Amino acid sequence: MYDLGDYPAVIRDGVTAISGEVYAVNARVLAALDRLEEYPRVYDRVMIETPYGRSWMYVMHGAPGYPLVYSGQWQQR
């Protein structure tokens, strides 16, 4: 996880666990989130396993130069 200032971002193949939130959304909300996250230009949307079942997660194409959040908890950076 990286600290982009106003929000966090994760990239593929990380080596630490991260914490986050899981929401149930419909197709209309998912499409709005895709626009907000600039999918697929800036982020990929990947399916992950969570304690609540399979969920979509946005994964940034890269975050060079941004500080790492070693704890995996962006709120505690």
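The values are calculated or read from the model by the stated rules, or taken from the named source; none is laboratory data. The shown structure was predicted, so the numbers you read here are calculated from the model rather than taken from an experiment. Glycine gets a Cβ as well: all are built from the backbone with ideal geometry, and neighbour counts include every protein chain shown.
Which ones in region 47-72 are small (Gly, Ala, Ser) and part of a strand (DSSP E or B)?
Scanning region 47-72 gives Gly53, Ser55.
Restricting attention to region 1-39, report how many residues are assigned to a loop (DSSP other than H, G, I, E, B) and in contact with a strand residue (DSSP E or B) (Cβ under 7 Å, 6 or more places away or on another chain).
So the answer is 7.
Since Val25 meets every condition but one in (1) under 14 Å from Tyr2 (Cα atoms); (2) surrounded by fewer than 14 Cβ atoms within 10 Å (Cβ to Cβ), which condition does it not meet?
(1)
Considering only residues that are out of contact with any Phe, Trp or Tyr (no Cβ under 7 Å at 6 or more places or on another chain) and of a type outside the set (Val, Ile, Thr), look in region 45-60 and name the one that is nearest to Val10 (Cα to Cα).
Filtering region 45-60 for residues that are out of contact with any Phe, Trp or Tyr (no Cβ under 7 Å at 6 or more places or on another chain) and of a type outside the set (Val, Ile, Thr), the one nearest to Val10 (Cα to Cα) comes out as Met57.
Checking Trp56 against (1) in contact (Cβ under 8 Å) with a residue 12 or more places away in the chain; (2) farther than 21 Å from Gln75 by Cα, which single condition isn't satisfied?
(2)
I'd like the full set of residues that are surrounded by 12 or more Cβ atoms within 10 Å (Cβ to Cβ) and modelled with pLDDT of 90 or more, limited to region 51-66.
Listed by number, the residues that qualify are Ser55, Trp56, Met57, Tyr58, Val59, Met60, His61, Tyr66.
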